[in-house]
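Below is one structure, written out as structure tokens; comments come after it.
Every read-out reported here was derived from the displayed coordinates using simple, explicitly stated rules and does not represent laboratory data. Just so we're clear, the structure is a prediction, and the values are computed from it rather than from any experiment. Virtual Cβ from ideal backbone geometry, glycine too; neighbours counted across all protein chains shown.
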Amino acid sequence: MHSRKFIFVSAALLLAVSAVAGPAVWYQWRSKLEPSFLCSQTSPGDGWEKLSGPFSDARCEKRIAIVK
């Protein structure tokens, strides 16, 4: 009986947390080795540095306003 209640409460909490999560943001990255840029949600590797962002789209065109 207690295990069913635990499973139900766990599932309800997991769904609640999932509903609050938003989409991941995008950043523009610049290569340290050659003159090229790309847009990615995560770092493409050691040879890249974050140039600008965050953006809401995969083309790094729609900048997100950061409220402090």
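Here's the picture: charge each Lys and Arg Cβ at +1 and each Asp and Glu Cβ at -1 in the chain, and of 58, 27, 12 the one pushed furthest to the positive end of that dipole is 12.
Net charge of the neighbourhood of residue 56, taken over other residues with C-beta under 13 Å away and scored Lys/Arg +1, Asp/Glu -1, is +1. Packing, as the average of other Cβ atoms within 10 Å across residues, places the peptides 24-34, 56-66 in the order 24-34, 56-66, highest first. Values (1) 18, 39, 32, 10, 0; (2) 19, 29, 20, 16, 12, 3, 0; (3) 21, 54, 22, 3 are given for comparison; P(r) over Cα pairs in 10 Å bins from 0, in percent, derived from the coordinates here, is the one labelled (2). The angle separating the long axis of helix 2-20 from the principal Cα axis of greatest extent in the chain is about 30 degrees.
Largest mean-square fluctuation among 44, 35, 23, in a Gaussian network model of the chain whose springs join Cα atoms under 10 Å apart, belongs to 35. Taking amide hydrogens as modeled 1.01 Å from N in the peptide plane, which residues meet the under 5 Å criterion relative to residue 52, leaving out close sequence neighbours? For residue 52, the qualifying residues are 28. This model, with +1 at the C-beta of Lys and Arg and -1 at the C-beta of Asp and Glu, gives the chain a dipole about its Cα centre of some 320 debye.
Listed by chain and number, the aspartates and glutamates placed with their C-alpha closer than 20 angstrom to that of residue 32 are 46, 49; residues fewer than eight positions away on the same chain are left out.
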